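Colleague: Here it is: the structure, laid out below.
The values are calculated or read from the model by the stated rules, or taken from the named source; none is laboratory data. What you see is a predicted model, and the numbers here were worked out from it, not measured in a lab. Positions of Cβ are generated from backbone atoms using ideal geometry, with glycine treated the same way; all protein chains shown enter the neighbour counts.
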Amino acid sequence: MHNKVLLLFNTVRYLKFVQIANRFKRKFVKPKIDFSETPEISIISHQFKPPIKCPQKIFDDGVFKFLNKEVNIHSVKDWNINNQDKLWLYNLHYFDDLNAVDSEQRYSFHGNLIQEWIDNNPVGYKNGWEPYPSSLRIVNWIKWFLLTGNCKQTWLDSLANQTRFLSQNLEYHLLGNHLFANVKALIFSGLYICGDEANRWYRTGINILCKELPEQVLSDGGNFELSPMYHAIFLEDLLDLINIHQTYGKDLPFNIVKEVKQMLKWLDSMSHPDGEISFFNDSVLGVAPTLNELVNYASQLDIEYKLGKLSGLIYLKDSGYIRLDRKDIVIIADVANIGPDYLPGHGHADVLSFEMSLFGQRLIINSGISTYKEGSDRQKQRGTLAHSTITIDGKDSSQVWSEFRVAKRAKVFNIKTTVSNSFKFSACHDGYKGFLDRVIHCRQWCLYENILEIVDKVTGNGKHKITSVLPLHPNILVKNLQGNSVNLEINGKKVNVNFEGDGLLKLETSKYHKEFGLSIRNEQLVYRYNGKLPFKSKIRITW
């Protein structure tokens, strides 16, 4: 009981007052809607430019595919199937397929689907009327209406009712990307629909946007939730906002082109040579648009960014990430605190983990995520052992729990970068300090020529079990494990990994989750030590 109270205290104490107050408000104050007003559509000034197309989500014979899970729903009358995960049901209500690959070939079906949703989802009913899916659906409907030129009055009436409901149900209890999605929907509806009510939606959205943007975009260009996937989603949101303002010949009240360029550079820094994002903090493939798609979309909106110019050591100081790009190797390392403090829902206990590509192929990885559903899988995938760093006594470096909760958090300090004859960077954290004899973990990366050395030091008192994990990409072949040394093969080229210290190296099987709903077998190098502190080990990777 005491531990549960302490866990809750260390979680709630970071929340903002507005979050706590709005949790109570949502329980007792329900949105009310005036159905009397029939809206009209605003006149556009320029053609709405085609947005980024997501992968197809709906297939023949009523097959809906989200998160790598297919469900056959012939009539589409049950929009709240009891045996599906919450996130899958959310996706059902997003209507992403309206703007997916080859969506024009499903034009008639999409029109019927919109009417089907209206007929079977009365105002305020279950999942479809929750603020986040409402926000994404509102934007997807408006994009489709603008691109097809088709919007029946019943659809427009429903769109207005959804926006009215949303405007009284903004997610101040969560803030972050959820509130930003709400704001985007208000702005889209405020421009698409004309009249005083629509103008109020627009002003509300713009006022919140002006307040949130400086906080949610850090000075190094990163989104403050520190997740490459959610960063890409946020960046697409900004580009969509630019697009619809250009469509209606309306200027945004601030210049966000600079922020867009910085955010593109940040995402470029956090991506591997394969063009895809790194897997920090609830990041996987198949959800957000790719870097190339975002660059091309920005170009359509007259915002130019050139890829392929990154090299050397890049320290994203405000975000807490370091990229080292040198000849055949790319390293992306996490030296960040979980953040922001009041919104750690997508944070992992992954401090001082890193990902590494060699010869254009991912080699060392973080394990990714397959689900947001509460349970052992979600807990394990957020935990320290699923990441390329050190775990002590089986504890997580930050207390991740439930689906999106974090109690005590590791604090990073003593971050250093050096560029001379070699590239060096290092950092320490105190994630085990509170309950493990004031234990401190420090890690240093050093790259020179074709040798990478990673030195781990753990200081403190007492005897502890220390586990160092290097998860390997499934494409990596493991050969000839002898003692604390192993040979790997990557694209036909040889790589040697050697652990120096008093521990023992083993090869173990694990799971890699590159997308939601996917678990792929991979192998990981696991180095274990059981003894007194201080502890020191060196990982030497040569190629």
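Colleague: Checking ASN72 against (1) loosely packed, with under 15 Cβ neighbours inside 10 Å; (2) farther than 21 Å from ASN243 by Cβ; (3) touching a residue at least 40 places away in the same chain (Cβ under 8 Å); (4) not charged (D, E, K, R): exactly one of these is not met. Which one?
Modeller: Exception for ASN72: condition (3).
Colleague: Which numbered condition trips up LEU447, out of (1) within 26 Å of GLY531 (Cβ to Cβ); (2) in contact (Cβ under 8 Å) with a residue 40 or more places away in the chain; (3) hydrophobic (A, V, I, L, M, F, W, C)?
Modeller: LEU447 satisfies every listed condition except (1).
Colleague: Condition first: charged (D, E, K, R), in contact (Cβ under 8 Å) with a residue 24 or more places away in the chain and in a strand (DSSP E or B). Can you find one or more residues in region 407-414 that meet it?
Modeller: No, region 407-414 contains no residue that is charged (D, E, K, R), in contact (Cβ under 8 Å) with a residue 24 or more places away in the chain and in a strand (DSSP E or B).
Colleague: Between a first residue in region 505-527 that is under 16 Å from GLU276 (Cβ atoms) and a second residue that is assigned to a strand (DSSP E or B) and aliphatic (A, V, I, L, M), which pairs have beta carbons less than 6 Å apart while being 6 or more apart in sequence or on different chains?
Modeller: Short answer, once both residue conditions are applied: TYR512/ILE520.
Colleague: Answer yes or no as to whether LYS433 is of a type outside the set (Gly, Ala, Ser), closer than 17 Å to SER398 by Cβ and in contact with a strand residue (DSSP E or B) (Cβ under 7 Å, 6 or more places away or on another chain). Walk me through it before giving the result.
Modeller: Details: of a type outside the set (Gly, Ala, Ser): yes; closer than 17 Å to SER398 by Cβ: yes; in contact with a strand residue (DSSP E or B) (Cβ under 7 Å, 6 or more places away or on another chain): yes.
The answer is yes for LYS433.
Colleague: For LYS30, indicate whether it is more than 28 Å from GLY149 (Cβ to Cβ), out of contact with any strand residue (DSSP E or B) (no Cβ under 6 Å at 6 or more places or on another chain) and assigned to a loop (DSSP other than H, G, I, E, B). Don't jump to the end; show me each part of the working.
Modeller: Numbers: more than 28 Å from GLY149 (Cβ to Cβ): yes; out of contact with any strand residue (DSSP E or B) (no Cβ under 6 Å at 6 or more places or on another chain): yes; assigned to a loop (DSSP other than H, G, I, E, B): yes.
It is true that LYS30 is more than 28 Å from GLY149 (Cβ to Cβ), out of contact with any strand residue (DSSP E or B) (no Cβ under 6 Å at 6 or more places or on another chain) and assigned to a loop (DSSP other than H, G, I, E, B).
Colleague: Next question, about the same structure. Condition test on SER319, is it in contact with a His (Cβ under 6 Å, 6 or more places away or on another chain), crowded, with 23+ Cβ neighbours inside 10 Å and not charged (D, E, K, R)?
Modeller: Values: in contact with a His (Cβ under 6 Å, 6 or more places away or on another chain): no; crowded, with 23+ Cβ neighbours inside 10 Å: yes; not charged (D, E, K, R): yes.
When the stated conditions are applied, SER319 does not pass them.
Colleague: Can you say whether GLN115 is in contact with a helix residue (DSSP H, G or I) (Cβ under 8 Å, 6 or more places away or on another chain), surrounded by fewer than 19 Cβ atoms within 10 Å (Cβ to Cβ) and closer than 29 Å to ASN72 by Cβ, as far as the supplied structure shows?
Modeller: On the way: in contact with a helix residue (DSSP H, G or I) (Cβ under 8 Å, 6 or more places away or on another chain): yes; surrounded by fewer than 19 Cβ atoms within 10 Å (Cβ to Cβ): yes; closer than 29 Å to ASN72 by Cβ: yes.
So GLN115 passes the test.
Colleague: Moving on to the next point. Quick check on this structure: which one of ARG164, ARG137, ARG203 is part of a helix (DSSP H, G or I) and free of Cβ contacts under 8 Å to residues at least 24 places away in the same chain? Give the derivation first.
Modeller: Numbers: ARG164 fails: free of Cβ contacts under 8 Å to residues at least 24 places away in the same chain; ARG137 fails: free of Cβ contacts under 8 Å to residues at least 24 places away in the same chain.
Going through ARG164, ARG137, ARG203 in turn, just one is part of a helix (DSSP H, G or I) and free of Cβ contacts under 8 Å to residues at least 24 places away in the same chain: ARG203.
Colleague: Within 29 Å of SER519 (Cβ to Cβ), of a type in the set (A, V, I, L, M) and more than 25 Å from the chain's Cα centre (by Cα), is that true of LEU452? Please lay out each step first, then the result.
Modeller: Details: within 29 Å of SER519 (Cβ to Cβ): yes; of a type in the set (A, V, I, L, M): yes; more than 25 Å from the chain's Cα centre (by Cα): yes.
So LEU452 passes the test.
Colleague: Still on this model: Can you pull out every residue in region 176-228 that is over 16 Å from PHE254 (Cβ atoms) and touching a Gly at 6+ places or on another chain (Cβ under 7 Å)?
Modeller: Those that are over 16 Å from PHE254 (Cβ atoms) and touching a Gly at 6+ places or on another chain (Cβ under 7 Å): LEU186, GLY190, ALA198, ASN199, TRP201, PHE224, GLU225, LEU226.
Colleague: Turning to a different aspect of this structure: Just to be sure I understand, how many residues within region 504-543 are more than 30 Å from THR459 (Cβ to Cβ), out of contact with any Ser or Thr (no Cβ under 7 Å at 6 or more places or on another chain) and surrounded by 19 or more Cβ atoms within 10 Å (Cβ to Cβ)? Please lay out each step first, then the result.
Modeller: Applying the first criterion (more than 30 Å from THR459 (Cβ to Cβ)) to region 504-543 yields 509, 511-523, 543.
Next cut, out of contact with any Ser or Thr (no Cβ under 7 Å at 6 or more places or on another chain) only: 509, 514-515, 520, 543.
Imposing the further condition that a residue be surrounded by 19 or more Cβ atoms within 10 Å (Cβ to Cβ) reduces the set to 514.
The qualifying residues number 1.
Colleague: Moving on to the next point. Output the number of residues of region 51-69 satisfying the condition of being in contact (Cβ under 8 Å) with a residue 60 or more places away in the chain, closer than 27 Å to GLY149 by Cβ and surrounded by 13 or more Cβ atoms within 10 Å (Cβ to Cβ).
Modeller: 3
Colleague: Take region 247-259 and flag every residue that is within 16 Å of LEU235 (Cβ to Cβ), out of contact with any Gly (no Cβ under 9 Å at 6 or more places or on another chain) and part of a helix (DSSP H, G or I).
Modeller: VAL257, LYS258
Colleague: Taking SER397 as meeting all but one of (1) over 16 Å from the mean Cα position of the chain (by Cα); (2) surrounded by 21 or more Cβ atoms within 10 Å (Cβ to Cβ); (3) assigned to a helix (DSSP H, G or I), write down the number of the exception.
Modeller: (3)
Colleague: A further question follows. If LEU174 meets every condition in (1) within 26 Å of LEU316 (Cβ to Cβ); (2) at pLDDT 95 or above; (3) among the hydrophobic types (A, V, I, L, M, F, W, C); (4) outside any helix (DSSP H, G or I) apart from one, which number is that one?
Modeller: Unmet condition: (2).
Colleague: Just the residues that are farther than 24 Å from LYS143 by Cβ, part of a loop (DSSP other than H, G, I, E, B) and either aromatic (Phe, Trp, Tyr) or at pLDDT below 85 (or both), please, taken from region 33-76. Spell out how you get there, then give the answer.
Modeller: Here is the first cut: in region 33-76, the residues farther than 24 Å from LYS143 by Cβ are 34-36, 61, 68-72, 74-75.
From the residues that got through so far, the ones that are part of a loop (DSSP other than H, G, I, E, B) too are 34-36, 68, 74-75.
Of everything in region 33-76, those that are farther than 24 Å from LYS143 by Cβ, part of a loop (DSSP other than H, G, I, E, B) and either aromatic (Phe, Trp, Tyr) or at pLDDT below 85 (or both) turn out to be ASP34, PHE35, SER36, HIS74, SER75.
Colleague: Among the residues of region 207-239, write down those that are assigned to a loop (DSSP other than H, G, I, E, B) and either touching a helix residue (DSSP H, G or I) at 6+ places or on another chain (Cβ under 8 Å) or surrounded by fewer than 20 Cβ atoms within 10 Å (Cβ to Cβ) (or both). Explain how you work it out, then say what you get.
Modeller: Pass one, region 207-239, residues assigned to a loop (DSSP other than H, G, I, E, B): 218-222, 224-227.
Result: SER219, ASP220, GLY221, GLY222, PHE224, GLU225.
Colleague: Please tell me if THR417 is part of a strand (DSSP E or B), more than 21 Å from PRO534 (Cβ to Cβ) and modelled with pLDDT of 95 or more. Steps first, please.
Modeller: Numbers: part of a strand (DSSP E or B): yes; more than 21 Å from PRO534 (Cβ to Cβ): yes; modelled with pLDDT of 95 or more: yes.
Against the criterion (part of a strand (DSSP E or B), more than 21 Å from PRO534 (Cβ to Cβ) and modelled with pLDDT of 95 or more), THR417 qualifies.
Colleague: Ok, one more. Working carefully through the options GLY149, GLY124, find the one that is without any contact (Cβ under 8 Å) to a residue 40 or more places away in the chain and surrounded by fewer than 22 Cβ atoms within 10 Å (Cβ to Cβ). If you could, list the steps in order and put the result at the bottom.
Modeller: Working: GLY124 fails: without any contact (Cβ under 8 Å) to a residue 40 or more places away in the chain.
Exactly one of GLY149, GLY124 is without any contact (Cβ under 8 Å) to a residue 40 or more places away in the chain and surrounded by fewer than 22 Cβ atoms within 10 Å (Cβ to Cβ), namely GLY149.
Colleague: Can you tell me which condition TYR432 does not meet? The list is (1) assigned to a strand (DSSP E or B); (2) in contact with a Ser or Thr (Cβ under 8 Å, 6 or more places away or on another chain); (3) touching a residue at least 24 places away in the same chain (Cβ under 8 Å), and all the others hold.
Modeller: (1)
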